[in-house]
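To keep things clear, I will list the structure first and then write my remarks on it.
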Amino acid sequence: MNTKTERPKAKSGLKTLAALLPFLSPYKKQFFFATIALVIAAASTLTIPYGFRQLIDLGFTAGNPDHASHVNYYFLGLFGVSCVLAISTAARFYTVSWLGERVTADIRSAVYAHVVQQSPQFFETTQSGEVLSRLTTDTTLIQTVVGTSISMALRNILLLIGGLLMMLITSVKLTSIIIVMLLAVLVPIIIFARRVRKLSRASQDRIADASGLAGEILNAVTIVQAYTHEKIEAQRFGRAVEQAFTTAINRIRARSILTVMAILMIFGAIVFVLWLGAHAVMDGGMSGGELSQFILYAAIVTGAVGALSEVIGDAQRAAGASERLMELLAERSPITSPLHPVALPVLAKQGAALQMRDVFFNYPSRPDTSALSALSLDIAPGETIAIVGPSGAGKTTLFQLLLRFYDPQAGSITLDGVNIKELDLHTLRNTIGIVPQDTVIFSANAMENIRYGKPDATDEEVMAAATLAAAHEFIERLPEGYQSFLGERGVRLSGGQRQRIAIARALLKNPPLLLLDEATSALDAESERLVQHALEAAMAGRTTLVIAHRLATVQRVDRILVLDQGRVVESGTHHDLVAQNGLYASLAALQFNS
């Protein structure tokens, strides 16, 4: 994974696949039926060589008056075995394919559900494109193992064991020789297979790198085109693809060498033993039917060993994929709900009370840079507080701590007298509504985008929130009104329209604490006037914190807090702060004079 932080280490090798057992255990019944079908299919396959021996030794014997009836009997028997083999193989294929699809779907759901619960700290060091690669490419490899390879492995193990037993029954001497030779062959194959697993993991990592790069560029395609970097970015992606290709070719080359080793060495051993068997027939030591039976069982054993070598190759790739997925599932968010959360008191009708005491905070990815330092503040229920200051002063960081996306290294934050660390995360965040500066619009219609603030809201409630946010009029003008699809990331809307959708979403939630991060920054003058009136109405009966860069929008708030280098350096009304002739007065002079 392309990260700067240490990830939990998963077990290496095929042992990693044992981590999939929790996903397989709910489907014991399906595994039982698949095993029954597997055993029947293997038994049918092992019966066929015996039938051919009887045909050769009894049915084709010269001078036997009943040879015609023997031939008919054995051919009917072989056809019956073929019918059983066909039905059991089809049943096995359906059952294990179902298991592969089901388990893969469960793994994808589990990994995704786990990832979306991670704190922003996780996404500071992990590309979303890499996570998507693991959810798609890696789970597909696991699907191959669960839906095909496990079944093939069990089938060929049964055929290998059954074939060897029947070979022993046919000729102990020849079978003993072939077992010794096969063991000598398998040792180097297993050793070489370890290299295949390492190359498989590297190949999957390079694919994830390319996916992450593509996702990043496609999300910023307008900037790429504005700076005419299409060719540069295409070349970057081409290099990433070539690295993935080179690594994949190394893996394929290793798999090819493994296959050559397996086939040549195993078939060489089989041919040598069969040469001995041919001489035994010529010397009268065994019958032609016995040799035919031995050859067929040897072919079954050889095919089983060859198939198992292929399965081991697939399993090695799946082990790398499983390792990467288990790394994601092993991630533990540092921000979690307490085991015994405290109930939040009934919030006052006028909003929530908020306190911060000596809060110190550094971002995990920037441990040497202080984002907030000894920050303390008291906000009464129903107060409207503006937070201003230069870029990097800690304004957005303050909001992230209130939402408990991060925990401060020192100090405390309380909501109506309860430390927010003692609250269930959903309880805390359900009391807070936020309109971020970077508006998020989902690939859905306008109705569902606003309803995101309150999933059980009626259409009438959604429209009322839209009206309050000055969004109802432009939504009604869309081709399908509230049912209009807004495009990925809201590309069909202007910046101001996207921001009003976000405001409507927050107002629909109707929280006691409202956080506005430059909520009107993308609006034109007329829309800003409408939304400002709507926000003033919405602020009634709730506590509101407003991050603002345009000071003209915060002159009527109850109090203004001026942050600089993570500290509150000034506090008061607009007129008080201008009179103090400090940092706020400098910012105001720059804006209002211009």
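Helix 495-509 axis versus longest C-alpha principal axis of the chain: approximately 90°, rounded to the nearest ten.
For the chain, the average shadow cast by the Cα convex hull is 37.0 nm², which is a quarter of the hull's surface.
Ordering of 76-86, 292-302 by packing is 292-302, 76-86, highest average first (other Cβ atoms within 10 Å, averaged per residue).
Charging the Cβ of each Asp and Glu at -1 and of each Lys and Arg at +1, and nothing else, the dipole of the chain about its Cα centre rounds to 1660 debye.
Show that you can apply the helix-only estimate: for the chain, add -39,500 (n - 2.57) for every DSSP H stretch of four or more residues, divide by all residues, and state [θ] at 222 nm to the nearest 500.
-20000 deg cm²/dmol
Can you check what the net charge comes to around ALA343, using other residues whose Cβ is under 12 Å from the Cβ of ALA343 (Lys, Arg +1; Asp, Glu -1)? After counting each charged neighbour, the total is -3.
Counting only DSSP beta bridges with both residues in the stretch 354-593, the antiparallel share comes to about 55 percent.
Remark: for residue pairs LYS28/LYS454; LYS28/LYS173; LYS395/LYS421; LYS231/LYS395; LYS29/LYS173, the C-alpha separation exceeds 31 Å in LYS28/LYS454; LYS28/LYS173; LYS231/LYS395; LYS29/LYS173.
A simple count of charges around PHE23, restricted to other residues whose Cβ falls under 13 Å of its Cβ and scoring Lys, Arg +1 and Asp, Glu -1, yields +1. When the Cα positions of PHE485, GLY572, GLY496 are compared along the charge dipole of the stretch 440-573, GLY572 comes out farthest toward the positive end, with charges on each C-beta of Lys, Arg, Asp and Glu. All C-alpha pair distances within the stretch 275-314, sorted into 5 Å bins from zero, spread as 7, 23, 19, 15, 11, 10, 8, 5, 2 percent across the bins.
When both bridge partners sit in the chain, DSSP labels roughly 55% of those beta bridges antiparallel. Each other residue within a Cβ distance under 15 Å of PRO455 adds +1 if Lys or Arg and -1 if Asp or Glu, for a net charge of +1.
Values quoted throughout were computed directly from the atomic coordinates according to the rules given, and no laboratory measurement underlies them. This structure is a prediction, so every number in the text was calculated from the model and none was measured. For neighbour counting, all protein chains shown are included, and Cβ atoms are generated from backbone atoms with ideal geometry for every residue, glycine included.
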